[in-house]
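To start, the structure itself, in structure tokens.
What follows is calculated from the coordinates using simple rules that are stated; it is not laboratory data. Quantities reported herein were computed from a predicted structural model and do not represent experimental measurements. Cβ coordinates were reconstructed from backbone atoms using ideal geometry, including for glycine residues, and neighbour counts include every protein chain displayed.
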Amino acid sequence: MSRIGRLPVNLPAGVKADIKGSTVTVTGPKGTLSRTFSPEMAITLHDGKLVVARPSDSKEHRSLHGMTRSLLANMVEGVTKGFQKSLEVVGVGFRAEQAGKNVTLRVGFSHPVEVKPLPGVALAVEGTNRIRVDGADKEAVGQMAALIRAIHPPDKYKGKGVRYAGEVVHLKAGKAGKVVGKK
């Protein structure tokens, strides 16, 4: 049996789960998340715990079992604590500015790039070179962070661009050129 799938998902105080067929809606202090799962997975609520069961031991059902449980756990964590990703803008003259709910990036293009947040996601600029992406939906937070990073990914030679906080960029060596002093 799936080691992840068989673990129940505990619902903390203040979190409610509503199951209608294969759609699960989780409500908590940070908002409401709803998702439709595979109808083959049986999701039940017992004593404040969400339990996922699978109909057989086929490869497809085994993989769906663990994934369904992980998605449910992420929904519960999202409505209680929320998710966060941080990005760094690195480079001379590169900066980020808050413009209402949007963020304006100046990353070496002839024009500033305005980024609008996805639904359920909030953007915040810390200083001039850090962007924080917050939200209840883990998938939306990761997607928003990836879209911002894709505007100007880190350069392989100088390291300039937008990167995740803590991301290590391995720089390539440039051309060796001519050796000075040889005749």
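Principal-axis analysis of the Cα atoms of the chain puts helix 138-151 at an angle of about 20° to the longest axis.
The trypsin sites (Lys or Arg not before Pro) of region 1-110 meeting both criteria, a DSSP state outside H, G, I, E and B (loop) and at most 14 other C-beta atoms within 10 angstrom of the site's C-beta, are Arg3, Arg6, Lys81, Lys101. Using every pair of separate Cα atoms, the Kirkwood estimate puts the hydrodynamic radius of region 83-164 at 12.5 angstrom. Compared with the dominant Cα axis of the chain, that is its longest principal axis, helix 59-80 is turned about 80°.
If the reach is capped at under 16 angstrom between alpha carbons, list the aspartates and glutamates near Lys116, excluding any in the same chain fewer than eight residues apart. Candidates past the 8-residue exclusion: Glu97, Asp134.
Compactness of the chain was expressed as the Cα radius of gyration divided by 2.2 N^0.38 Å, which yields 1.40.
Helices in the chain, meaning DSSP H runs of at least 4 residues, each add -39500 (n - 2.57). Divided by all residues, the mean residue ellipticity at 222 nm is -6500 deg cm²/dmol.
The distance from the alpha carbon centre of region 64-113 to that of region 8-52 is 25 Å, rounded to a whole number.
Taking R0 as 45 Å, what's the FRET efficiency between Glu167 and Asp47 from their Cβ-Cβ distance, rounded to 0.05?
Details: r = 42 Å, r/R0 = 0.93.
Efficiency, from the Cβ-Cβ distance: 0.60.
Pairs exceeding 29 Å between alpha-carbon atoms, taken from Lys85/Lys172; Lys16/Lys85; Lys81/Lys160; Lys20/Lys138; Lys49/Lys138: Lys81/Lys160.
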